[in-house]
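What follows is one structure encoded as structure tokens, with my remarks underneath.
The values are calculated or read from the model by the stated rules, or taken from the named source; none is laboratory data. Worth saying up front: this structure is predicted, and the values here are computed from it rather than measured. Neighbour counts run over all protein chains shown; Cβ positions are idealised from the backbone, glycine included. For accessibility, only protein heavy atoms count, side chains too; no ligands or nucleic acids. Shrake-Rupley method; radii C 1.70, N 1.55, O 1.52, S 1.80 Å.
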Amino acid sequence: MGAQIRVYRQKIASTTSMGKIFKAMELIATSRIGKARARVSASLPYANAITRAVTAVASQSEIDHPLTTEPESIRRAAVLVMTSDRGLAGSYSAGVLKQAEHLVELLHSEGKDVKTYLVGRKAKAYFDFRGRDYAKVWTGGTDAPEFETARELREVLLRDFADEFESGGVDEIHVVFTQFKSMVVQEPTVIRLLPLEVVEEESETPADELLPLYEYEPEPEDVLDALLPRYIESRIFNAMLQAAASELAARQRAMKSAGDNANDLIKKYTRLRNNARQAEVTQELSEIVAGADALNA
């Protein structure tokens, strides 16, 4: 009985220690989620403004630009997958990887080659474990993305988009990330980045408001050459910010659930320890009474 009580005490101590870790990680995620959401909101005005500018140029001019023109045949597609660097975030990374797998299967069924780019150590570990190839990986700071990373991603993707197929170039680019909708809902999402599909983020601008009429100097093509890289950059950075907010929200929720489970285990082990202690005391009393009865006899 004494050994059993010691086992329960050790389990209670270890579970209590783990519960403190879970609580600390939950508080850290809670303190950072507000800043992450603020960064998402702060990125929207610029993204909306440049989206409107690109939409106005593309819709008001007959422009045959390589970034806005659908190719006759698509032989290779690029897929950018955004996961987290760290775990303990529930099914956050698993959801993104599952969505990426569905996209890759769809592209293969259409007869397209797939060239993969990864963001986050979880995606790297997933592909390494399965022996799959990927073109490049970016790690570090997935829960606090930097604009320089988005700029580097844009440069790599646009360079491959401009290359010929025989040189490893791609004909279209997809991005798989987690869209932050609320603290409870984060949805794995796929967007086609190139050829350009102009998508404006939610804003207070009325949907039926007319786009402004621009005068182009020297040519609309030159305007698009300057605007489109910045537009792609803003879309990638906004996706990274939404993924960061989703990661923190998922980690907060996972750590809250883990802490609750730890408390339940502590209550269970405490009850079992008390039962074992009570059984030990009862056995000792029984032995004492039996010994006294034997002496009296």
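So what does log10 I(q)/I(0) come out to for the range 224-268 at q = 0.17, 0.19 Å⁻¹, using the Debye formula with one equal point on every Cα and no solvent?
Values, matching the q order: -0.62, -0.67.
What number of lysine-lysine pairs in the chain show an alpha-carbon separation below 16 angstrom, given a sequence spacing of 8 or more or placement on distinct chains?
13
Please report how far the C-alpha centroid of the range 240-281 lies from that of the range 74-116, rounded to the nearest whole angstrom.
32
Given a Förster distance of 41 angstrom, what is the FRET efficiency for MET18 paired with THR55, based on the Cβ-Cβ distance and rounded to 0.05?
My answer for the efficiency is 0.20.
For a quick check: with amide H placed at 1.01 Å from N, whose amide H comes under 5 Å from THR142's, ignoring anything fewer than 5 positions away on the same chain?
ASP85
Over the range 1-152, with a single point scatterer placed on each C-alpha, what log10 of the ratio I(q)/I(0) does the Debye formula yield at q = 0.09, 0.10, 0.19, 0.22 1/Å?
Evaluating at q = 0.09, 0.10, 0.19, 0.22 Å⁻¹ gives log10 I(q)/I(0) of -0.51, -0.61, -1.28, -1.35.
May I have the extent of the alpha carbons of the range 240-297 along their three principal axes, as whole Å values ordered from largest to smallest?
Answer, in whole Å and largest first: 84, 9, 5 Å.
Kindly state, as a whole number, the per residue volume in cubic angstrom of the convex hull around the alpha carbon atoms of the chain. Show your work: numbers first, answer last.
On the way: hull volume 51.0 nm³, N = 297.
In the chain, the Cα hull volume divided by residue count equals 172 Å³.
Would you kindly state how much longer the chain becomes between HIS108 and ASN275 on full extension, computed as 0.36 nm times their sequence separation minus their alpha carbon distance, in nm to one decimal?
Working: separation 167, 0.36 × 167 = 60.12 nm, distance 6.01 nm.
Taking 0.36 nm per residue and subtracting the Cα distance, the gain is 54.1 nm.
With a 10 Å radius around each residue's Cβ, average the other Cβ atoms per peptide and rank 82-95, 268-281, highest first. Spell out each step's value before the answer.
Numbers: 82-95: 20.1, 268-281: 14.3.
The densest-packed peptide leads the list: 82-95, 268-281.
Measuring from label point to label point, each 7 Å out along Cα→Cβ, what is the GLU187 to GLU72 span in nm?
It works out to 3.8 nm between the two label points.
Using all C-alpha to C-alpha distances in the range 32-111, build P(r) with 5 Å bins and read off the rounded percent in each one.
All Cα pairs, binned at 5 Å, distribute as 3, 10, 11, 13, 15, 18, 17, 10, 4, 1, 0 percent.
Could you please report the charge total around ARG151, scoring K, R as +1 and D, E as -1 over all other residues with beta-carbon less than 15 angstrom from its beta-carbon?
Values: positive: LYS136, ARG154, ARG159, ARG230, ARG235; negative: GLU146, GLU148, GLU152, GLU155, GLU233.
Charge balance in the 15 Å sphere: 0.
May I ask you to give the solvent-accessible area per residue for the chain, in square angstrom, as obtained with a 1.4 angstrom probe? It would help to have the intermediate numbers written out before the result.
Numbers: 16440 Å² over 297 residues.
For the chain, the per-residue accessible area is 55 Å².
Treating each Cα of the range 126-191 as an identical point scatterer and ignoring solvent, apply the Debye formula and state log10 I(q)/I(0) at q = 0.14 Å⁻¹.
-0.61
With a 1.4 Å probe and every protein chain kept in, tell me what percent of the accessible surface of the chain is carbon plus sulfur. Display every interim value, and only then the final one.
Working: 8700 of 16440 Å².
C and S atoms contribute 53 percent here.
For the pair LYS35 and LYS256, what calculated FRET efficiency results from E = 1/(1 + (r/R0)^6), where r is the Cβ-Cβ distance and R0 = 22 Å, to the nearest 0.05?
Values: r = 19 Å, r/R0 = 0.86.
The pair LYS256/LYS35 has a calculated efficiency of 0.70.
Taking 7 Å along the Cα-to-C-beta vector as the label spot, tell me the ASP222-ILE288 distance in nanometres, rounded to one decimal.
Output for this residue pair reads 10.1 nm.
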